[in-house]
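Report on the structure given below.
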Amino acid sequence: MSNGAGIKHYGALLRRWLWLLLLVVALCTSAAYAISITMRPVYEAVALLQVHDVSTNNGSIFVDQALAQSDALLINRPAVLQGAARKIHTVSAQQLAKQISASPLNNTPIIQVRTSDTDPARAATISNAVVTVFIQLQNDSQQQQLKNIATRLAKNVKNARNAVDNDQEQLALLQATHATPESIVHQNDIINDDQTTYNSSLTNYTQVQQQLLQVPGSLKIVQLAIAPRDPVSPRVLLNTAAAGVMSLVLTLVFILLRDWIDTSLKTAEDVERMARLPVPGSVPDVTVTPQKMRDELPLVNNEAIEQAFNTISTHLIMRCAEKRAVLVTGAHTKAGTSTAAINLAITLARTGLRVMLVDGDLQRGTLHRVFKHPNIYGLTTVMAEGMLFQEGATRSSRLHAWLHPHKTSIPNLWFLPTGPLPNSRGTILRIPMLSLFLKCLLQTVQESEEQAHSLMDVIIIDSGPLEECAHTAVLAACADASLLVIEAGHEQAAHLCHIARNLQRLQAPVQGVIINRQKAHHRPYFYVPPQRSEKTWLDDVEEADKKPWRATSPWTRMAISNQRRASLVRSTTSTHHKPALPQITTASDEAPDGGHLLPAVYHKQPPNQLKGSVDEK
């Protein structure tokens, strides 16, 4: 995918979901702001404590920093908290443990003692009390340790002094008795050793005494805590900004993730690339205004829908030249199959073709309500009787007479409802009888020695979904071809290919997929480039499309001729002087499956003046 295509895709995605971004960010920031301003403010008081090691005289900063690290851990010990609680009287040691925190200042021997409280004055009081108690406890502990050491060193000094005195007396005795020089030298060595021990012990004792004097200076308060003026929490602006940024990021992630995992078919490019099926056209999703007259057919005077079905009908005429019984089925119940079948039949009838619309949905057949046609006699009745198909000289007249009650007010359009439905619907449709019925309607009738034509040029069969209605398989087995209707954004490629393969096995190959209710914001799936790795039976159809095409079927040539004539008439007719359009009545304002019906634009001449039309008797 190119950078330009990526920028265009994500730009369109952002424009589509901009309302969601703004809504989520507004809600989250408003909620964060409302929660922040309703929270009780918390104040933080800080006291600074400097640490110095009195055990050394070199004053190393590194030693003081290490000592500050260890002392910071001792501030929260129970003895300090209990002493501070006794001094304050208003809080307990358990409460102080949650409010007090201590940490050394970066690269310094200074400890920060922080206290969080809803009362700024009490926060400062607690910090100062904790620091004071900690210094007192630390000094007492150090002094006690140094006193113990001094006592032990004093004993050592005394013992060393006594040893030196004894050695001096022994040396004097040896000199008085005129001892040997070796004895005198040995005694001097002993005196020197004992004197060294004495001097060392005396030095250590002196240092300990000095440390005792310096203990009060090992911990010093650098800064007492004062009552803060501004709370540290809640931070209204920070919380609001953080909520806005987080909600924006999470919403963008949600939008991108949804765009990535949404592999439903929305456009013709999706169907052709992912399902590898041809798309004759897409029907846009339009809003229908309520009709003023409820007894009129809801004709949608929408140029986009009309153009869509003109394209679909042209595709059907050119692609299905020898396939005259077309099954219109859908992937799901609410895909808009009935609407597509009605509009397709009307569009084909406008080209001058004789079209029979058959309601083959034996579970939810409602087309008779749209046409205000009684459902007393229909497809099920035809299947039950066989006299209509008997061979004989009167067969043609019987078929003409049979077609007469099924003629609609729309020129060149006949309609056959489902008919009465018995409780057991599994045996209503039988392939031999249904095939014979379709053959009779499509057979050529000899009007005279010079004129012959078919009763019907095209039969459009409306049916339910193949996987939900058992009788749809029977209809598919008798049809020459099929059209699949899907709702944009509600179908997956794998399921669509599965239905197409089933129709192919039933000898009703899919000649196209009609994408219904396609919205303006629908875009092709962006994250999978087109790939063609192996040849399937769909490739044969595509290769056939690339070959030069010639209209060989009589009904195909007639449809193309009538389409050219109609387009010429429309181009020369003013839009301000349109002829009155015929109407049929209905009891509802919408098609039974929630779709839209096309405006009926017909020829002005009577049906019997059209080329090859059936004379009504």
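Here is how the numbers come out for the structure above:
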read-out	value
Selection within region 174-185 - surrounded by 13 or more Cβ atoms within 10 Å (Cβ to Cβ) and either part of a helix (DSSP H, G or I) or not small (Gly, Ala, Ser) (or both)	174, 183, 184
Pairs, first surrounded by fewer than 20 Cβ atoms within 10 Å (Cβ to Cβ) in region 116-137, second modelled with pLDDT of 90 or more and among the polar types (S, T, N, Q), C-beta under 7 Å, six or more apart	116/99
Residue check, residue 208 in a helix (DSSP H, G or I), at pLDDT 90 or above and on the phi < 0 side of the Ramachandran plot	no
Region 225-242: number of residues that are in a loop (DSSP other than H, G, I, E, B) and either exposed (fewer than 15 other Cβ atoms within 10 Å of the Cβ) or among the small types (Gly, Ala, Ser) (or both)	6
Of the criteria (1) modelled with pLDDT under 75; (2) outside any helix (DSSP H, G or I); (3) on the phi < 0 side of the Ramachandran plot, which one residue 392 fails	(3)
Pairs where the first residue, in region 157-174, is farther than 19 Å from residue 206 by Cβ and free of Cβ contacts under 8 Å to residues at least 60 places away in the same chain and the second is in a helix (DSSP H, G or I) and small (Gly, Ala, Ser), C-beta under 8 Å, 6+ apart	174/183
Boolean, residue 84 is surrounded by fewer than 15 Cβ atoms within 10 Å (Cβ to Cβ) and part of a helix (DSSP H, G or I)	no
Any chance residue 90 is touching an Asp or Glu at 6+ places or on another chain (Cβ under 9 Å) and among the hydroxyl-bearing types (Ser, Thr, Tyr)	no
Only listed residue being under 26 Å from residue 25 (Cα atoms), of a type in the set (S, T, N, Q) and either assigned to a helix (DSSP H, G or I) or touching a Gly at 6+ places or on another chain (Cβ under 7 Å) (or both), chosen from 251, 203, 197	251
Segments classed as strands (runs of 3 or more DSSP E), wholly inside region 403-497, with at least 1 members that are within 18 Å of residue 340 (Cβ to Cβ) and at pLDDT below 85	none
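The values are calculated or read from the model by the stated rules, or taken from the named source; none is laboratory data. Everything numeric in this text was worked out from a predicted model, so none of it was measured. All Cβ positions, glycine included, derive from the backbone under ideal geometry; neighbour counts span all protein chains shown.
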